[in-house]
Structure formats: C-alpha cells, structure tokens
Amino acid sequence: MESSQRIDPLVGAVLDGRYRVDHPIATGGMSTVYRGLDVRLDRPVALKVMDARYAGDQQFLTRFQREARAVARLKDPGLVAVYDQGFDGRHPFLVMELVEGGTLRELLRERGPMPPHAVAAVLTPVLGGLAAAHRAGLVHRDVKPENVLVSDEGDVKIADFGLVRAVAEAKITSTSVILGTAAYLSPEQVGTGDAGPRSDVYAVGILAYELLTGVTPFTGDNPLSVAYQRMDHDVPPPSAAISGVPSQFDELVARATARDPAERFADAQEMAAELDDVIDELGLPAFRVPAPKNSAQHAAATAHHDRLGAPVRHTREFTRGPDDWADDEPATEVVSQRQRPPAPRTRPARGDFAGIQIDEFEWARQRSKRVQLFWVLAVLILTGLTAAGAWTLGSNLTGLLG
C-alpha cells in the first residue's frame, strides 16, 4: 500500500478545499475509495473518487449529482450515509460515512459460509436499508458482498446507491459494472436492462444463497455466460449445496430469485417481513456480525495512523462473559460442512463461526425456548386458577344472594 501511496497523485490533495485524501482503501474499474478527512469538521470520511474519464461526460455528472442528492436524503441504520458530492478538477467524488471495518466479501473469504442465525443478522439490516430506498423510489441495482460493509461494532450497512445507474446512462461503457455484478443480476436486467425493487430482491436472494453455501449458484467461463444462465435456470435450493440449511431458507431464496419478477417479493420490505417470520419460526438467536480482521480498510487505517504516530484502533472481537455459556453442554453441529471445491478456500473450523462454537448458539436458543415455555405454563396456570375461581363463585352465587 505504501508504494501505491507514493504514485497516487491524489494522496495528500484537498478536494474542493475541504476533503483531504489520506490513503487508498480499494480501487475498482470506475472509482477509488480513500480514507479521508473533512478538514472543516475534523471528521474522518470515506471518499469515493470517480475515474477521470467521467469528468468530461456531462450526462454522467448530472446523473451523479442527482443520485447523490437523492441518496443523501435517505436515513436508515442499514445505509452508509452520504454527506456530500462534488467535482474537483478532473474527478467527480462522493463523501460518505467512514465505516471502520471491512466488506462482507472480505468476511466471507476469511470465514466461509455462515450458519442461519449469522445469515439472518446480515440480511436484516441489508433489507432494512433497501426498504428505506424502495419507499423513496430508489433502486440499488448492484447488491453484492463488496457493497455491504461490516463495522467493528457489528453494524451492517449497504453502500453505493445510484452509481450503477449513473454509469449506465453515461456515454462511457464500463465493463467493470458487468464484471462486478454478473453473479447477482436479475433475469430482467440481463434481458432488457430494466431494474426495479424486485431486481434488488433477486440480488438479495443470490446473496442469501452465497452466505449460506459460500458460493454463488451460477458459474461460467465469463461474466456473460454467468449472467445468461439465470434466464433458463432456477436458483437451486441452498440445502442442495450444503447440508443442514433449514427448509425455510430454501423457500426464502426460491421466492426471492423467481425468474418471473411477479412471483418474487414486491420489495425489500416484504422480503424483510418474511425473514422476520423465518427467524421467529426457527428461534434464531441474536448475533453480532464480526468485521473481517484483514480488511483493506483496516490496512488503510494502520498506514494512516503509522504516518501520524497515533495508536491503531483494532477490530473488537465478539466476546462473551465467562458465565454466559454452559461449559457442560454437548456439542451440536447445526450446519455440517460441505465438500471443499477444487480451488482452495478459507473455511471456518468445524462447528465454528467467527471464533464461536455453534453449540453455544444452540444452547442460547434452547435457553430462550425454556424461558418462553416457563411463561406459557405460568399464563396457563393463572388462567386455570381464574376460571376455577369464577366457576366456584358462580355455583355459590344463589346461596350468597339468598
């Protein structure tokens, strides 16, 4: 990263006289994300600086500004906040909330497929953020793990609203957009280029499949072959790829990824409601999603603080108190591991996710069920006593009145 810093002409620059570019975090085909500082407010920010080739495209600049203003009005814990947008010389840029952590893609690479309770913990805020956008008439168009951020505090947020639409309507064709989203595009996006809330729902269904299994459902030699497979093939159930996936998640993925948009959830809010029902039906315990340890954002933060001589704030671990878990509980494997694919992958330890034994979550789930059972029995007993008292009073009412 240090060598990229020396040759990057933007590092050290102050965009629009206000936003200092400190260190690159990630570079894509159409933009580079930097760690930066709002020197006016002394606030760390993320700066998404678009490639210089977009600077001369007035149609892109108009759309870019319009989409940024629309997204900046959205307020939801599941959305990365957009603070400002601007144009400095040859670079359009966005100023966004700096999420100290990493991407969902980086977490998947470190940990592999997730158990159902962790998948639910990721999808709930993602769907919440998308629902807020859908209510405002906005569509993301590019839902994928790279655009989902996980903070060190366990917050899950979705980023990059509006950029795909702005690029798609520009005069410049960006193959990186297709390369990055081929696995998550809905059939209508592949066939006609149209996108609506149901297209985002489809992408979330693919995301859910990937979180559960560690892979996307369609593969091919090139992005176009991957994209066109969904035109003729349904997404298979996740349980066909990895054993132990509850049937409720198979059904959730199947409806979200129906090839006919009319058969999908109407929008993210409807899918979120169905996910809530699945969580309740399965009794899934709450879970704080861990940030990836070896993320590009953490590397950029380390390089930045090293230059300043300041201490680095490390990722917090997901910890529990010594009395929170029973030591003598038998291990229960909730999700068995599928066979490894030919290419080497980093997989979680058996019965483990984010450094925590799966049986600990199963124990927490059983404890929750026992508490619920206790209260149900208490209510039944109280109801029975009340009924008995009323019956006794009624049978003696004549004698009492006489």
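The values are calculated or read from the model by the stated rules, or taken from the named source; none is laboratory data. Quantities reported herein were computed from a predicted structural model and do not represent experimental measurements. Neighbour counts are summed over all protein chains in view; Cβ atoms, including those assigned to glycine, are modelled from backbone coordinates with ideal geometry.
What to note about this one:
- Residue pairs meeting the criteria (Cβ under 6 Å; at least 6 apart or on separate chains; first touching a residue at least 12 places away in the same chain (Cβ under 8 Å), in the range 77-99; second in a loop (DSSP other than H, G, I, E, B) and acidic (Asp, Glu)): 86/16; 88/16
- Lone qualifier among 69, 73, 109, 53 - being more than 26 Å from the chain's Cα centre (by Cα), assigned by TED's automatic domain parsing to the domain that holds residue 132 and basic (Lys, Arg): 53
- Residue in the range 124-142 that is surrounded by fewer than 20 Cβ atoms within 10 Å (Cβ to Cβ), touching a residue at least 40 places away in the same chain (Cβ under 8 Å) and under 9 Å from the mean Cα position of the chain (by Cα) present: yes
- Residue selected from the range 199-236 under the condition among the polar types (S, T, N, Q) and part of a loop (DSSP other than H, G, I, E, B), by the criterion farthest from residue 109 (Cα to Cα): 222
- Failed item, numbered, when residue 84 is tested on (1) within 15 Å of the chain's Cα centre (by Cα); (2) at pLDDT below 95; (3) not in a helix (DSSP H, G or I): (1)
- Each residue in the range 237-271 was checked for being part of a helix (DSSP H, G or I) and among the aromatic types (Phe, Trp, Tyr), and 1 of them qualify.
- Meets criteria (under 21 Å from the mean Cα position of the chain (by Cα), assigned by TED's automatic domain parsing to the domain that holds residue 121 and closer than 17 Å to residue 214 by Cα) for residue 278: no
- Test: residue 103 is surrounded by fewer than 24 Cβ atoms within 10 Å (Cβ to Cβ) and hydroxyl-bearing (Ser, Thr, Tyr): no
- Looking across the range 144-159, the residues that are at pLDDT 95 or above and of a type in the set (A, V, I, L, M) come down to 148, 149, 150, 156, 158.
- All conditions but one from (1) surrounded by 18 or more Cβ atoms within 10 Å (Cβ to Cβ); (2) within 21 Å of the chain's Cα centre (by Cα) apply to residue 230; the one that does not is (2).
- Check on residue 124, more than 21 Å from residue 274 (Cβ to Cβ), assigned by TED's automatic domain parsing to the domain that holds residue 84 and of a type in the set (Ser, Thr, Tyr): no
- Condition met for residue 74 (free of Cβ contacts under 8 Å to residues at least 12 places away in the same chain and part of a loop (DSSP other than H, G, I, E, B)): no
Every residue, every condition in (1) among the β-branched types (Val, Ile, Thr); (2) at pLDDT 95 or above, yes or no:
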site	(1), (2)
213	yes, yes
225	no, no
232	no, no
235	yes, yes
244	no, no
252	no, yes
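- In the range 41-60, the residues that are closer than 11 Å to residue 83 by Cβ and part of a loop (DSSP other than H, G, I, E, B): 41
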